1. Report the local net charge at Pro75: Lys and Arg +1, Asp and Glu -1, summed over other residues whose C-beta lies under 14 Å from its C-beta.
2. Only counting other Cβ atoms within 10 Å, I'd like Phe202, Phe82 sorted with the fewest neighbours first.
3. I'd like to compare 4-13, 91-100: which one has the highest average count of other Cβ atoms within 10 Å, and what's the full order after that?
4. So what's the Cα pair-distance distribution over the range 69-135, bin width 10 Å, in %?
5. Across 10 Å bins from the origin, how do the percents of Cα pairs in the range 6-142 run, short distances first?
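Quick note: the coordinates plus some simple rules give every number you see, no bench work behind them. Owing to the predicted nature of the structure, the values given are computational and were not obtained by experimental measurement. Cβ placement follows ideal geometry from the backbone for every residue including glycine, while neighbour counts extend to all protein chains displayed.
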Amino acid sequence: MKQPSIVIVSDSRTVAHMLMSHIGGVDRDAISITGSKTELNYLLRVYRPRFMFIENCFEGRVTNALVHRLMERDPDLLISVFTIQEYAAYEVAKFMYWGAASFLSIRDDPEAIAAGMRKILKGESCYPDGAAEAVEHAENRAQLNTRSLTMREGEVLQLAADNKSNGEIAKVLGISVRTVRNHRDNILRKCEGHSLMDMVKFGLREGILQYDELVGEDRHSFKEGGVRRAGVC
């Protein structure tokens, strides 16, 4: 097998081949497609690809956590998140915050996808125009944040803000309930708070959460409390 310079990560081979069809001017033998974390870990142990395209819902996990871990493993790897689903600006910003270089929608017309792929393979960032402001905010927060959460704490905060119980969070992340409690305690210490409301306010200020992500009573509570859409409370 020729050493791959491009890796496409997706649960669906059909989707992966769809994306592959938009990669022009590259030897197909230099492109590897993988559909599981086991395959991905093996590939990264044996080779050192330059580019990676990973589907936003890969294995149904919180993909931004995987993006962050991959970046820690190889800071030179250029990771682009892609999706075939509808998306919101805050979702794009979230991936960029955790280290993705680009965000690509393959729902767009073929010419737009091809143009995006060309930019990415030149080492340039690429993301939807409508997400530019959210991405800039996320990048600024990533650079300036002095009380930043660890990747796992960020995951716990995102799931807690989605009204998940400690047990549900533990199941999603594959950790114990006790570990979830420890992460929540660490978040409260860093935000100098005492409740989930304090944690969510901190997440909004730091760009880890966006108002658009809040659901149900949480959104109404913050709306009544005067939280602005930009995430400053």
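1. +1
2. Phe202, Phe82
3. 91-100, 4-13
4. Final binned percentages: 21, 54, 24, 1.
5. Pair shares across the bins are 12, 48, 35, 5.
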